[in-house]
Amino acid sequence: MNFKTLLASLVLSLALALPAFAAEPVDINSADAQTLAEGLNGVGMSKAEAIVAYRDEHGPFASAEDLAQVKGIGERTVEKNRDNIVVGGSKAKSSTSRKATKTAATASASE
């Protein structure tokens with residue numbers, strides 16, 4: 001292997017690896033569907049819209065693991081993106097608290 005081939009291989013390897021390290025963290029509690037689709041590996045526009053709809057209905061995510069509750073998002077997708085997921089909003093409720101609050105609200109509305 002000559003020097004030019006070796007140098008070209010090195011440059012190409014670095015160019016292909018760079019996007020993996022340059023990914024911006026994505027706040028799953030504030031990002032819009034477009035940002036989620038662009039920032040999360042394995043999440044297209046359809047799944048990103050499902051994330052936003054779930055968040056609107058159930059409130060903010062308490063942890064990255066809560067993302068797996070969204071239809072079409074599995075634990076494997078969460079694991080692939082773990083280093084890139086930020087959970088903003090210090091007042092995020094746990095999924096159990098969200099369900100309890102929703103149940104309580106439904107009960108008081110029917111009284």
Of Val87, Val70, the only residue that is in contact (Cβ under 8 Å) with a residue 40 or more places away in the chain, among the aliphatic types (A, V, I, L, M) and either exposed (fewer than 14 other Cβ atoms within 10 Å of the Cβ) or out of contact with any Leu (no Cβ under 6 Å at 6 or more places or on another chain) (or both) is Val87
Within segment 40-49, the count of residues that are in a helix (DSSP H, G or I), surrounded by fewer than 18 Cβ atoms within 10 Å (Cβ to Cβ) and not acidic (Asp, Glu) comes to 2
Of (1) aromatic (Phe, Trp, Tyr); (2) modelled with pLDDT under 95; (3) surrounded by 15 or more Cβ atoms within 10 Å (Cβ to Cβ), Tyr54 fails just (2)
Considering residues that are within 14 Å of Val26 (Cα to Cα), aliphatic (A, V, I, L, M) and touching a Phe, Trp or Tyr at 6+ places or on another chain (Cβ under 9 Å), the number found within segment 52-84 is 1
Conditions (1) modelled with pLDDT of 95 or more; (2) β-branched (Val, Ile, Thr); (3) out of contact with any Pro (no Cβ under 6 Å at 6 or more places or on another chain) -> Thr103 fails only (1)
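The values are calculated or read from the model by the stated rules, or taken from the named source; none is laboratory data. Just so we're clear, the structure is a prediction, and the values are computed from it rather than from any experiment. As a convention, Cβ positions derive from the backbone with ideal geometry for all residues, glycine included, and neighbour counts pool all protein chains shown.
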